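Down below is the structure, laid out as structure tokens.
The values are calculated or read from the model by the stated rules, or taken from the named source; none is laboratory data. What you see is a predicted model; the values in this text were computed from it and never measured. No Cβ is skipped: glycine too gets one built from the backbone with ideal geometry, and neighbour counts run over all protein chains shown.
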Amino acid sequence: MIDFSAIQFVDVIEFIGTFAFAISGIRLASAKKFDLFGAFVVGLVTAVGGGTLRDILLGVDIFWMHNSFYLWCTLFALVFVIIFHNYLIHLDNTFFAFDTIGLALFVVVGAEKSLDLGFSPWIAVAMGTITGSIGGVIRDVLINEIPLIFRKEIYALACVIGGIVFVSLHATNSVNLVIIELSTATVVVLVRFFAVKYHLSLPILKGERRKKLPH
């Protein structure tokens, strides 16, 4: 039986983030005509990929290997997509919405876990960015797309900004943790939203133009 009294707000955040990221992966896999197992795998690695790399770098046990919750959450996301498939297809920007929610919430999870383990603020920012963005990178590679993190869209930078907000508010020791978590997630969502809405992006690194060889 689940001890609901022991559940913290960050656990709720992690559930919603896992569910949202899994749906984003499953939706793209569906668009690529993956079968049910393939869609489940894409959804799972989207949900746990960033956290897996984070835990490896932090030198701690990989979180999902001690809890089947993440498998069940991904399975629930798969069933959700199957049931509401036609409805989700007709909704504009469903992928963007679920991907942004997962991104924002996992930045919170990664940064908070790093600080709880005693790592410095800049490590917390880096781990928040990794937790939020790497799952999406793996997802895009598996479905044979250029990862969002490598496109013009502001993606990882939104994680970095969110991570900075988290560690800055956390360092004050005067702001409630739930407020810090919600503020961080909101900042990431807003950065992504305005970047996409107004086509904001970082400058492109231009390479040297190749000279045409004479015929």
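For every residue, the table says whether it meets (1) within 12 Å of the chain's Cα centre (by Cα); (2) of a type outside the set (Val, Ile, Thr).
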| position | (1), (2) |
| --- | --- |
| Leu36 | no, yes |
| Val41 | no, no |
| Asp55 | no, yes |
| Trp64 | no, yes |
| Ile83 | no, no |
| Val107 | yes, no |
| Val141 | no, no |
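Please verify whether Ser68 is within 26 Å of Ile154 (Cα to Cα) and not aliphatic (A, V, I, L, M), treating the condition exactly as stated.
Values: within 26 Å of Ile154 (Cα to Cα): no; not aliphatic (A, V, I, L, M): yes.
Answer is no for this residue.
Taking only pairs six or more apart or across chains, which ones have beta-carbon atoms under 8 Å, a first residue in the range 36-50 that is under 14 Å from Val141 (Cα atoms), and a second residue that is outside any helix (DSSP H, G or I)?
Val42/Phe34; Val42/Ile143
Is it the case, given these coordinates, that Ala47 is among the small types (Gly, Ala, Ser), in contact with a Phe, Trp or Tyr (Cβ under 9 Å, 6 or more places away or on another chain) and more than 14 Å from Phe21 (Cβ to Cβ)? Talk me through it step by step, then tell me what you get.
On the way: among the small types (Gly, Ala, Ser): yes; in contact with a Phe, Trp or Tyr (Cβ under 9 Å, 6 or more places away or on another chain): yes; more than 14 Å from Phe21 (Cβ to Cβ): no.
No: the conditions fail for Ala47.
Within the range 169-192, which residues are in a helix (DSSP H, G or I), exposed (fewer than 15 other Cβ atoms within 10 Å of the Cβ) and either touching a His at 6+ places or on another chain (Cβ under 7 Å) or not aliphatic (A, V, I, L, M) (or both)?
Thr186
Looking only at helices (runs of 4 or more DSSP H) that fall completely inside the range 36-112, which ones have 3 or more residues that are under 22 Å from Leu182 (Cβ atoms) and in contact with a Ser or Thr (Cβ under 6 Å, 6 or more places away or on another chain)?
In the range 36-112, the matching helices (runs of 4 or more DSSP H) lie at 36-58.
Please tell me if Ile134 is crowded, with 16+ Cβ neighbours inside 10 Å and within 13 Å of Val167 (Cβ to Cβ). Steps first, please.
Working: crowded, with 16+ Cβ neighbours inside 10 Å: yes; within 13 Å of Val167 (Cβ to Cβ): no.
Spelling it out, it is not the case that Ile134 is crowded, with 16+ Cβ neighbours inside 10 Å and within 13 Å of Val167 (Cβ to Cβ).
Looking only at residues that are more than 22 Å from Leu105 (Cβ to Cβ) and assigned to a helix (DSSP H, G or I) in the range 19-35, which one is modelled with the highest pLDDT?
Going residue by residue through the range 19-35, those that are more than 22 Å from Leu105 (Cβ to Cβ) are 30-35.
Restricting the remaining residues to those that are assigned to a helix (DSSP H, G or I) gives 30-31.
On the way: Ser30: 90, Ala31: 87.
It comes out as Ser30.
Does the range 118-131 contain at least one residue that is surrounded by 23 or more Cβ atoms within 10 Å (Cβ to Cβ), among the β-branched types (Val, Ile, Thr), over 18 Å from Val45 (Cβ atoms) and touching an Asp or Glu at 6+ places or on another chain (Cβ under 6 Å)?
no
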